[in-house]
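S.K.: Could you have a look at this structure, given as structure tokens, before my questions?
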Amino acid sequence: RDVEFVEQPVPAGDPDGLRFVYERSALPVAADESCVTLTDVPAIADRCDIANLKLMKTGGLLEARRLIAAARAHGLEVMCGCMIESNASIAAAAQLAPLLDYADIDGSLLLAEDPYDGIGLTDGEIRLGDQSRAGTGARRRPDE
């Protein structure tokens, strides 16, 4: 079924359970809720293969870059996920794509209406909006 990895197979507050699964899993294990900020990385490093960050939980792009660097220093792959978010925050998360092994940033597709343009997702390709101006490329749609 082309499953690539298992994401957060145990509750975040169960580091021993995460290690148990990691040591026995035939698939790579990603820590999601167990990896929220930079200080979480050393605690998960011997319990998973992939650190999954969410930009809205890390506290911003700078802290996300620090988390990515720490994960790499611990030999982990890195994924950026998201929650249900507008294109404004998804476009910011997309700026991290060159530093990632996996990008799961499709949360804006779950919105009935998104007041922002700025990112396109098609067949696994991330397309950023207008990069001719400073910023992430996300722009508020004109009121109709």
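The values are calculated or read from the model by the stated rules, or taken from the named source; none is laboratory data. None of these values were measured; they are calculated from a predicted model. Quick reminder, even Gly has a Cβ in these numbers, built from the backbone with ideal geometry, and neighbours come from all protein chains shown. Side chains are part of the model used for accessible areas, which takes the heavy atoms of the whole protein and leaves out ligands, DNA and RNA. Shrake-Rupley method; radii C 1.70, N 1.55, O 1.52, S 1.80 Å.
S.K.: What are the residues in the stretch 1-38 that are open to solvent by less than 50 Å² (accessible area, probe 1.4 Å), among the β-branched types (Val, Ile, Thr) and part of a loop (DSSP other than H, G, I, E, B), if any?
M.R.: Hits for the stretch 1-38 are VAL10, VAL36, THR37.
S.K.: Report, by residue number, each residue of the stretch 39-51 that is under 17 Å from ARG66 (Cβ atoms) and not in a strand (DSSP E or B).
M.R.: Answer for the stretch 39-51, where residues must be under 17 Å from ARG66 (Cβ atoms) and not in a strand (DSSP E or B): THR39, ASP40, VAL41, PRO42, ALA43, ILE44, ALA45.
S.K.: Looking at THR122, THR136, which is the one that is open to solvent by 30 Å² or more (accessible area, probe 1.4 Å), more than 21 Å from GLN8 (Cβ to Cβ) and either without any contact (Cβ under 8 Å) to a residue 40 or more places away in the chain or under 11 Å from the mean Cα position of the chain (by Cα) (or both)? Talk me through it step by step, then tell me what you get.
M.R.: Numbers: THR136 fails: either without any contact (Cβ under 8 Å) to a residue 40 or more places away in the chain or under 11 Å from the mean Cα position of the chain (by Cα) (or both).
Unique residue meeting the criteria: THR122.
S.K.: Moving to a separate point now. Would you point out the residue of the stretch 86-119, among those that are of a type in the set (A, V, I, L, M, F, W, C) and free of Cβ contacts under 8 Å to residues at least 24 places away in the same chain, that is nearest to LEU55 (Cα to Cα)?
M.R.: Taking the stretch 86-119 as the starting set, the residues that turn out to be of a type in the set (A, V, I, L, M, F, W, C) are 88, 90-94, 96-97, 99-100, 103, 105, 109-112, 119.
Among the residues that remain, those that are also free of Cβ contacts under 8 Å to residues at least 24 places away in the same chain are: 109, 112.
On the way: LEU109: 17, ALA112: 22 Å.
Selected residue: LEU109.
S.K.: Taking GLU113, is it in a loop (DSSP other than H, G, I, E, B), of a type in the set (Asp, Glu) and closer than 21 Å to GLU7 by Cα? Steps first, answer last, please.
M.R.: Numbers: in a loop (DSSP other than H, G, I, E, B): yes; of a type in the set (Asp, Glu): yes; closer than 21 Å to GLU7 by Cα: no.
No, not satisfied.
S.K.: Ok, one more. How many of the residues in the stretch 50-67 are more than 24 Å from ARG139 (Cα to Cα) and open to solvent by 10 Å² or more (accessible area, probe 1.4 Å)?
M.R.: Residues meeting the conditions: 1.
S.K.: In the stretch 49-56, is there at least one residue being in contact with a Gly (Cβ under 9 Å, 6 or more places away or on another chain) and of a type in the set (S, T, N, Q)?
M.R.: yes
S.K.: Now for a different question. When the residues of the stretch 90-113 are narrowed to those that are open to solvent by 20 Å² or more (accessible area, probe 1.4 Å) and in contact with a helix residue (DSSP H, G or I) (Cβ under 6 Å, 6 or more places away or on another chain), which ends up modelled with the lowest pLDDT? Spell out how you get there, then give the answer.
M.R.: Of the residues in the stretch 90-113, the ones open to solvent by 20 Å² or more (accessible area, probe 1.4 Å) are 95, 97-104, 106, 109-113.
Checking the rest, the ones that are also in contact with a helix residue (DSSP H, G or I) (Cβ under 6 Å, 6 or more places away or on another chain) come to 99, 103.
Details: LEU99: 97, ALA103: 94.
Result: ALA103.
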